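Colleague: Take a look at this one; I'll ask things after.
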Amino acid sequence: MKYFYSAVILGVLLEKFVLVQTICGKGNDCIFHDWLEWESCTGACGSQSQKRQREFCCPDAVEPKDFPHCLANCSLPNDEAHVGSQKRNCLHCFHGHNYGANTCKCDPGYKGKCCEDLVKCSDNPCKHGTCTDTNATFVCNCDRGYTGVDCDTRKQCNQGVACDHGGNCVNAATGFKCHCTDRYTGEFCERYKKCSDHPCEHGSCNDNPTGYTCTCSPEYTGVNCERAITCSDTPCQNGGTCTNQGGSFRCTCPNTHKGNVCQTAITCSDTPCQNGGTCTNQGGSFRCTCPNTHKGNVCQTAIRCTSSPCQNGLCSDSPTGYNCACDVKHTGSKCDTLVQCSSSPCVHGTCADTSSGFNCTCAPRYVGVKCDALKTCSSNPCQHGTCTNTPAGFKCTCDARYTGMTCDTLITCTASPCQHGTCTDTPAGFVCACENLYTGDRCDRPRTCSSHPCVHGACSDTASGFKCSCDATYTGMVCDTLITCASSPCEHGTCTDSPTGFVCTCGSSYAGIKCETVLVTDEESELLLPEWFPYLEYVLLSLASLIGLMALGCLCLKCCQVFGAKNDDDDDDDDDDADEDDNLRKYRRDSIFPLDHQDSVYPRDRPKPKVFNKRIGMEF
């Protein structure tokens with residue numbers, strides 16, 4: 001048999017259980033059932049609590065039958081989730097009802113956290129009345145217009161409420177309200193208003209025996225200054241203009257007064273003078289001294305050109321008055337003051353005062369009465385050079401012998417103007433004697449063949465300048481020096497100086513201006529052959545070889561005759577051989593000439609030239 005046990009928790013687990021004679025189900029069930037309802041809240045106020053329980057089945061075999069053994073047998077954790085009873089704090093209101101979890105709303109006549117104490121007059125229970133203690137509690141005697149046990153309820157008009165001094169009672173959600181006449185106040189309109197009641201809505205207040213008197217601000221009227229003034233009340237003072245605005249008005253004051261109804265005179269502390277006027281207080285008012293451009297009691301009116309304000313210049317009207325454009329000799333708002341040097345009028349120059357104003361001596365680049373304009377080329381400023389206009393004024397490109405801003409200064413040799421040459425001063429400026437490779441007024445430009453530098457020779461330009469190939473009798477960088485015998489110019493001969501240079505007398509085998517050419521002899525000249533001669537030479541050599549073979553044959557033939565190997569019938573052949581030998585010797589003596597000139601240019605009866613520009617052949 002199984003039994004139900006119940007446990008009680010007081011913030012912690014308890015180990016003892018009370019046996020409940022209830023049969024659990026069969027088997028070894030370990031079961032927690034649902035919680036029962038919370039029991040009543042009991043205890044003294046401040047320590048009240050309530051509890052609840054749930055049933056638990058524990059197997060029969062478990063001994064002793066306490067909660068820890070049951071939990072151990074059922075293999076359940078010993079924690080708060082497996083308990084059989086719980087307890088919590090609570091609040092029970094003895095004479096009232098709960099107003100939230102931790103607050104009581106007490107019945108009338110009771111107080112305390114649990115409404116356990118009686119209220120006494122010492123607790124000031126009567127909100128609008130007087131209190132009297134009794135044996136059991138207190139009694140409130142309510143003030144006029146209030147009711148309820150605590151006199152906390154405001155009556156309605158139909159509950160016997162009457163307003164004094166003609167006041168009108170009106171019901172509202174919070175009770176009655178009396179609407180009093182102008183001079184009375186109080187909850188029931190029972191007393192005269194005093195200044196302490198702040199009756200004057202828009203003004204100041206003064207008490208008197210019958211109540212009070214309001215002095216309204218200018219824009220309000222009425223007993224209590226409660227009504228806004230409109231233009232029909234003529235509020236604007238001192239000539240102000242009135243304009244209605246909604247339920248009120250607005251005053252546009254003259255320039256001598258201010259305030260919402262133009263009631264206050266303006267003084268210099270209000271800065272009345274406009275457009276730079278100067279203010280002076282006069283009694284309770286003011287006076288403006290206006291600038292030259294304006295007039296009026298507060299300098300409010302701009303002066304126009306129709307009144308001819310400008311004395312020495314042009315006048316132009318503007319939204320704020322007029323503007324004078326003075327001539328250069330005058331200044332001031334009306335152009336009535338002479339400009340003096342003390343004002344530094346000369347922008348780029350020196351100044352001198354005169355009876356008619358000032359006089360400027362301008363710096364070289366500037367012109368104008370005040371030296372404030374840049375010179376341009378139209379004034380021909382460059383004395384010895386060309387002029388160019390630039391944004392900064394004119395610019396002079398000076399001639400070679402001049403310098404300075406206006407090219408007015410002669411350059412002298414002290415400035416070392418000649419870059420590649422020697423300098424000489426002259427009345428017209430420096431003069432440069434340039435080195436051979438340079439030219440130009442300052443010897444600053446390399447010379448080229450276009451300047452014809454080679455005096456006696458041919459010129460060619462190179463990357464580093466010109467180069468001269470001199471004639472035979474001249475030398476030097478520009479071929480300007482005659483060659484003399486001192487330099488031994490004659491290679492194969494004797495030298496003689498002459499006014500036009502050296503003269504060479506060459507040896508018999510040489511020729512040329514310097515005897516540098518080897519002469520060719522007569523024999524050598526005769527053997528000079530044309531370029532195609534090698535081919536002819538090959539043919540002739542071949543022919544010569546053939547003739548040699550023939551001659552060898554003839555020699556053999558002669559031998560045969562000597563030794564009787566040939567008949568006498570060969571005598572004729574001998575004669576032929578003799579003739580052939582004579583012809584061969586004659587051939588060797590003859591000179592060889594070029595084929596294309598042999599007969600037509602040089603006939604055999606004409607002398608042969610000594611030199612041919614041909615190469616020399618071989619002899620046979």
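Colleague: Only one residue in N124, N135, N206, N102 is free of Cβ contacts under 8 Å to residues at least 12 places away in the same chain and under 30 Å from P218 (Cα atoms), so which one is that? Explain how you work it out, then say what you get.
Modeller: Numbers: N124 fails: under 30 Å from P218 (Cα atoms); N135 fails: under 30 Å from P218 (Cα atoms); N102 fails: under 30 Å from P218 (Cα atoms).
After ruling out the rest, the residue left standing is N206.
Colleague: Pull out all pairs, ordered by first then second residue, where Cβ-Cβ is under 9 Å, the residues are six or more apart or on different chains, the first lies in segment 267-282 and is outside any strand (DSSP E or B), and the second is open to solvent by 40 Å² or more (accessible area, probe 1.4 Å) and small (G, A, S).
Modeller: So the pair list comes out as T267/G284; T267/S285.
Colleague: Would you call S416 more than 48 Å from the chain's Cα centre (by Cα), on the phi > 0 side of the Ramachandran plot and open to solvent by 50 Å² or more (accessible area, probe 1.4 Å)?
Modeller: Working: more than 48 Å from the chain's Cα centre (by Cα): yes; on the phi > 0 side of the Ramachandran plot: yes; open to solvent by 50 Å² or more (accessible area, probe 1.4 Å): yes.
Yes, satisfied.
Colleague: So, in segment 292-314, how many residues would count as being open to solvent by 50 Å² or more (accessible area, probe 1.4 Å), touching a Ser or Thr at 6+ places or on another chain (Cβ under 9 Å) and not in a loop (DSSP other than H, G, I, E, B)?
Modeller: 1
Colleague: Another question, then. Please enumerate the residues belonging to segment 47-60 that are part of a loop (DSSP other than H, G, I, E, B) and open to solvent by less than 70 Å² (accessible area, probe 1.4 Å). Before the answer, list the steps.
Modeller: If we filter segment 47-60 for residues that are part of a loop (DSSP other than H, G, I, E, B), which is where we start, we get 47-48, 54-55, 59-60.
Passing the criteria: Q48, R54, P59, D60.
Colleague: So P427 clears everything in (1) touching a helix residue (DSSP H, G or I) at 6+ places or on another chain (Cβ under 8 Å); (2) open to solvent by 50 Å² or more (accessible area, probe 1.4 Å) except one condition, right? Which one?
Modeller: (1)
Matching residues to (1) within 30 Å of T301 (Cβ to Cβ); (2) not hydrophobic (A, V, I, L, M, F, W, C):
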| residue | (1), (2) |
| --- | --- |
| Y192 | no, yes |
| Y220 | no, yes |
| C231 | yes, no |
| T234 | yes, yes |
| T243 | yes, yes |
| N255 | yes, yes |
| C262 | yes, no |
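Colleague: How many residues are outside any loop (DSSP other than H, G, I, E, B), touching a strand residue (DSSP E or B) at 6+ places or on another chain (Cβ under 8 Å) and open to solvent by 50 Å² or more (accessible area, probe 1.4 Å) when one looks only at segment 435-450?
Modeller: Initial filter on segment 435-450 (outside any loop (DSSP other than H, G, I, E, B)): 438-439, 445-446, 449-450.
Checking which are touching a strand residue (DSSP E or B) at 6+ places or on another chain (Cβ under 8 Å) leaves us with 438-439, 445-446, 449.
Adding the requirement that they be open to solvent by 50 Å² or more (accessible area, probe 1.4 Å) leaves 438, 445-446.
Result for segment 435-450: 3.
Colleague: Taking segment 170-226, which residues are buried (at least 18 other Cβ atoms within 10 Å of the Cβ), among the hydrophobic types (A, V, I, L, M, F, W, C) and either outside any loop (DSSP other than H, G, I, E, B) or in contact with a Lys or Arg (Cβ under 6 Å, 6 or more places away or on another chain) (or both)?
Modeller: Listed by number, the residues that qualify are F176, C178, C205, C214, C216.
Colleague: Does T397 satisfy being without any contact (Cβ under 8 Å) to a residue 60 or more places away in the chain, open to solvent by 70 Å² or more (accessible area, probe 1.4 Å) and farther than 27 Å from P309 by Cα? Spell out how you get there, then give the answer.
Modeller: Details: without any contact (Cβ under 8 Å) to a residue 60 or more places away in the chain: yes; open to solvent by 70 Å² or more (accessible area, probe 1.4 Å): yes; farther than 27 Å from P309 by Cα: yes.
Taking the combined requirement at face value, the residue satisfies it.
Colleague: Any residue in segment 402-425 that is touching a strand residue (DSSP E or B) at 6+ places or on another chain (Cβ under 6 Å), over 30 Å from C470 (Cβ atoms), aliphatic (A, V, I, L, M) and without any contact (Cβ under 8 Å) to a residue 40 or more places away in the chain?
Modeller: Yes, because at least one residue in segment 402-425 is touching a strand residue (DSSP E or B) at 6+ places or on another chain (Cβ under 6 Å), over 30 Å from C470 (Cβ atoms), aliphatic (A, V, I, L, M) and without any contact (Cβ under 8 Å) to a residue 40 or more places away in the chain.
Colleague: Taking the stated definitions as given, is P235 in contact (Cβ under 8 Å) with a residue 12 or more places away in the chain, open to solvent by 30 Å² or more (accessible area, probe 1.4 Å) and part of a loop (DSSP other than H, G, I, E, B)?
Modeller: Numbers: in contact (Cβ under 8 Å) with a residue 12 or more places away in the chain: yes; open to solvent by 30 Å² or more (accessible area, probe 1.4 Å): no; part of a loop (DSSP other than H, G, I, E, B): yes.
So P235 fails the test.
Colleague: Only residues that are among the small types (G, A, S), more than 40 Å from the chain's Cα centre (by Cα) and more than 19 Å from D408 (Cα to Cα): list them for segment 350-393, please.
Modeller: Those that are among the small types (G, A, S), more than 40 Å from the chain's Cα centre (by Cα) and more than 19 Å from D408 (Cα to Cα): A352, S355, S356, G357, G368.
Colleague: For segment 242-253, enumerate the residues that are surrounded by 15 or more Cβ atoms within 10 Å (Cβ to Cβ) and part of a loop (DSSP other than H, G, I, E, B).
Modeller: Answer for segment 242-253, where residues must be surrounded by 15 or more Cβ atoms within 10 Å (Cβ to Cβ) and part of a loop (DSSP other than H, G, I, E, B): just C253.
Colleague: For segment 394-410, name all the residues that are among the aliphatic types (A, V, I, L, M) and within 43 Å of the chain's Cα centre (by Cα). Give the steps one after another, and end with the answer.
Modeller: Filtering segment 394-410 for residues among the aliphatic types (A, V, I, L, M) gives 400, 405, 410.
M405, the sole residue that qualifies.
Colleague: Residues E37, E63: which one is farther than 28 Å from R154 by Cα, outside any strand (DSSP E or B), out of contact with any strand residue (DSSP E or B) (no Cβ under 9 Å at 6 or more places or on another chain) and open to solvent by 70 Å² or more (accessible area, probe 1.4 Å)?
Modeller: Details: E37 fails: out of contact with any strand residue (DSSP E or B) (no Cβ under 9 Å at 6 or more places or on another chain).
So the residue among E37, E63 that is farther than 28 Å from R154 by Cα, outside any strand (DSSP E or B), out of contact with any strand residue (DSSP E or B) (no Cβ under 9 Å at 6 or more places or on another chain) and open to solvent by 70 Å² or more (accessible area, probe 1.4 Å) is E63.
Colleague: For segment 107-139, which residues satisfy the criterion of being in contact with a Phe, Trp or Tyr (Cβ under 9 Å, 6 or more places away or on another chain), open to solvent by less than 60 Å² (accessible area, probe 1.4 Å) and in a strand (DSSP E or B)?
Modeller: G129, C131
Colleague: Let me spell it out: the conditions are (1) assigned to a strand (DSSP E or B); (2) within 30 Å of D207 (Cβ to Cβ); (3) among the basic types (K, R), and R144 meets all of them except one. Which number is the exception?
Modeller: Going through (1) assigned to a strand (DSSP E or B); (2) within 30 Å of D207 (Cβ to Cβ); (3) among the basic types (K, R) one by one, R144 breaks only (1).
Colleague: Same structure again: Which residues, taken from segment 470-513, are of a type in the set (A, V, I, L, M, F, W, C) and either open to solvent by 70 Å² or more (accessible area, probe 1.4 Å) or under 60 Å from the mean Cα position of the chain (by Cα) (or both)?
Modeller: Residues of segment 470-513 of a type in the set (A, V, I, L, M, F, W, C): 470, 472, 477-479, 482-483, 485-486, 490, 495, 502-504, 506, 511, 513.
Passing the criteria: M477, A486, V503, I513.
Colleague: If K87 passes every condition in (1) under 18 Å from F32 (Cα atoms); (2) touching a helix residue (DSSP H, G or I) at 6+ places or on another chain (Cβ under 9 Å); (3) modelled with pLDDT of 85 or more but one, which one does it miss?
Modeller: Here K87 meets the rest and fails (2).
The values are calculated or read from the model by the stated rules, or taken from the named source; none is laboratory data. The structure displayed is predicted, hence computed values, not measured ones. Quick reminder, even Gly has a Cβ in these numbers, built from the backbone with ideal geometry, and neighbours come from all protein chains shown. Just so you know, the surface numbers come from the protein's heavy atoms only, side chains and all, with ligands and any DNA or RNA stripped out. Shrake-Rupley method; radii C 1.70, N 1.55, O 1.52, S 1.80 Å.
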